[in-house]
């Protein structure tokens, strides 16, 4: 009885389990403008999924896979796919291409197309010993509908492993939008975006990140973790307000939802928060925002040790992939439509 | 939608805003003691049916009179940040001295009383010097004084009690004080009430009273303000001592008896009464009325407990418990009141806007988005802060308001030289020139002002009629926003909201209620009266040249309407544009007979939906930080030109939102359009293709100037 009453009070006052709070960006995640100030290597719509394949840097932009010449920044069409590319991975001489329609192209000297065990491919990772690790974000929504999945409280994602023989094996399910993975030590580390955490065999490694994390890629002595959108108090509130959330999904166009976003606000029909009013021509860097650019460097035990930011007033939001090439790190800002290069990355 | 209908009626019928408005009143501090009084009356009235008989009440007023006198003194001490525990002993000594001086010594009772009062004051003075000037701790000092005075009383009692009780004071006045009542009320209570009224007057209206409150609120601040803190503190103890002695005199008159237990534990009883009334132990907060309330409660409780047959020990136990509870409530209330108020003041209600029109860059749509305003030439970048309204005089000088209360002028012809035309204070918003070239200005937080050509600032209006059923005082103007002047000289101006101050104006959007009104100031008799109320953030006002009506914009209502103040349609409101896709601000004349309107922001579907869900907005206000709240999107704005039928003739935008993200004001002048923005640091100047290069606003209103 008392539990029920305190629960009601907490709910009314927004305390305890109902607190719409967001962890602060502090410690290793303290804001800077290093990502905003990074060199722009290339400008292209919605770049994603950087990989090195046969000595060449590749990334996707829509349905096209582009090859990038690092020295000149020149891009060439490398391959066109039937639908939009949602994930890339290199496995020896094979390039695994995940498409938004759920098919998986294993490209090498010859192509082989298989049907992925789930339609919503969010990340592909070389699992070593010939396995391919595959993150399926959701059983309900395609990868483009990630906002809807978040607002529905989605926890229907799964982690699969596809062996050399093409047989798929489910490693775990019930994941909240698994969007990145890495093979380290004893098992697979999974990034769960909607739960803001990294887990290994079910045990949490990093929890309560201030944003929605996605892909992991190797860095010297550690890992790069991309965070594609920030957490925001208003969004946390909307996630707790069922009636409003459902009506919003029903009545409002997805671009105008109160939901995280990959790109800085461009449309005048988008919702605006009080702190984000442009005053004297300026938006404050610390203004509440639904989009953000953040790349986090993790140590070998997956703990954050450094971070690279493009803040609320910045351009390079929606960071979805990073790739260490020599002493440089290439970063795709999907929301900022740019491929960036960070040069000074010693932690 | 069925649930929408329910929500609408639920918020129409239950006025949620009352809670916050009551909490914002200073008298709400009395609510808890008042509630307590009601409970005490109900409980003891039920237990003791005889309590409310005339005789019983009259008996209670005798005790209450004495208690109130002591409590008044203690209230003053506590309000100045101190405490006086010696009142009980002083009371006992006064009783003894009065009987001794009047009886054994044989002084006339009046002289004796004066001597006793002086003695009480003297003891207070000792306290005051020790605490005020020598800076001893009030608690310890008065505790020691309690023991010393008690010891003196006991010693005197031991030696002279037999002599004293054998002689009685003989005087008709003394007898009257002792036994008679006036309409059932004891004289002591009447005297105490009169003193209470006096104390209230002094504390709230006179300089010494303000000094006491200031010292209690913050000694250092009071000192810095030039108040003699030491003397003020000392004075409060003198008053307390004298009042305790006065109570002792009445006690002597009533009982004419001596006893070891006279005034024993009185300090706790009185302290309970004062704190229970709501005077804060921390000082600086309290009132005499609260103390009167507290005394009545305590007298009812003690009296009832005695009648219920509780032993005197049990009675103290009850009082002590109440004191603890009162202190706890006092601490929690003080700490949380502001928080509670901040959270509960915003009272959202149901509001559905008409369907949102599609606005795009397609050139054939009425509100086609373009980037014409991004090319506007900047004036005074970084030299103005929030020019909500801009205006040009016949000579082409450019005037604008600012956030810091100035009217800034940029001199013709190139608007490069900036000067402060007048300083008013407040936030200078709407501007208009009257017939003789004086500048009329709406000042947020202050009202309607006039700046003459000689730059003299004159207040025209800051008050209108108060409505009967409003809890917040709506006679004062909180947010006078924009104005225009009718041909006969009457000034019609909008007050955007009566519930929020200037700096909180956007929060009004979250309520979705018509909190604003339009007021008419008549210069012929200097009166102001509300002509239209319950409007949703009425903002821009612009006269229609027919001399009978004006246009006004309701910002949160996304509509422009026409109000007839004269003529056959007098009093009527007609919709002109009922469904804007953005939030309109100021309206002004265009040279071609149409009207310009500034658009401060655009409707966001997510916000429109929230307007239909007041509960969601309430949760938002309660649960997340203010900077994170959802607001109308104010980062894209523009200008529209429309005619009286509501047809959109033209629209100009800053689609990029760099230079003029929101436009609050527009003025056409000699072929150019001047743009102001409340969050901007510049004024924009845009060349209107094909506009009349000779047209000026003052010319259109008042004809060619001599």
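Rule-based calculations on the coordinates, nothing more; no lab input. Every value quoted in this text rests on a predicted model; they were computed, and no experiment measured them. Here Cβ is always computed from backbone atoms with ideal geometry, including for glycine, and neighbour counts include all displayed protein chains.
Observations on the model:
- Rounded, prolate or oblate (a/c below 1.5 giving rounded, otherwise prolate when a/b exceeds b/c) for region B:40-105 by Cα gyration tensor: oblate
- Taking all pairs of distinct alpha-carbon atoms in the protein assembly as shown, Kirkwood radius in angstrom: 34.6 Å
- FRET efficiency estimate (nearest 0.05) - Cβ-Cβ, residue B:198 to residue B:171, R0 25 angstrom: 0.50
- Summary of the geometry: region B:654-675 and region A:82-96, compared by the centres of their Cα atoms, lie 50 Å apart.
- The mean number of Cβ atoms from other chains found within 10 Å of a Cβ in peptide A:260-273 is 6, as a whole number.
- Three-way shape label, region B:339-457, alpha-carbon gyration tensor, a/c 1.5: oblate
- In terms of its alpha-carbon gyration tensor, region A:42-117 comes out oblate; a/c meets the 1.5 threshold, while b/c is at least as large as a/b.
- Peptide B:614-624 has a mean shielding of 6, counted as Cβ atoms of other protein chains within 10 Å of each residue's Cβ.
- Peptides ranked, highest mean first, by Cβ atoms within 10 Å: ranges B:236-245, B:571-580, A:199-208: B:236-245, B:571-580, A:199-208
- Viscosity 1.567 mPa s, temperature 4 °C, Stokes-Einstein D of region A:209-289 from Kirkwood C-alpha radius, µm²/s: 88 µm²/s
- Our Cα-only numbers for region A:123-259 put the radius of gyration and Dmax at 15.8, 49 Å.
- Per residue, the convex hull spanned by the Cα atoms of region B:124-262 amounts to 133 cubic angstrom.
- Convex hull volume of chain A per residue (C-alpha atoms, cubic angstrom): 149 Å³
- Put in line by how crowded their Cβ is, counting other Cβ atoms within 10 Å and starting with the fewest, B:492, A:302, B:537 read A:302, B:492, B:537.
- Between region A:286-347 and region A:132-201, the Cα center-to-center distance that results, in Å: 22 Å
- When only Cα pairs below 8 angstrom with a gap of at least 6 residues are kept, region A:222-317 shows a relative contact order of 36 percent.
- Remark: relative contact order (region B:549-652) = 22 percent; criterion is Cα-Cα distance under 8 angstrom and separation of 6 or more residues.
- Kirkwood Rh and Cα Rg combined as Rg over Rh, evaluated for chain B: 1.14
- Alpha carbon centroid spacing (whole Å) that separates region B:138-204 from region A:209-249: 73 Å
- For B:636-646, mean number of other protein chain Cβ atoms within 10 Å: 1
- The Cα trace of region A:91-143 gives Rg and Dmax of 11.0, 34 Å, the first to one decimal, the second as a whole number.
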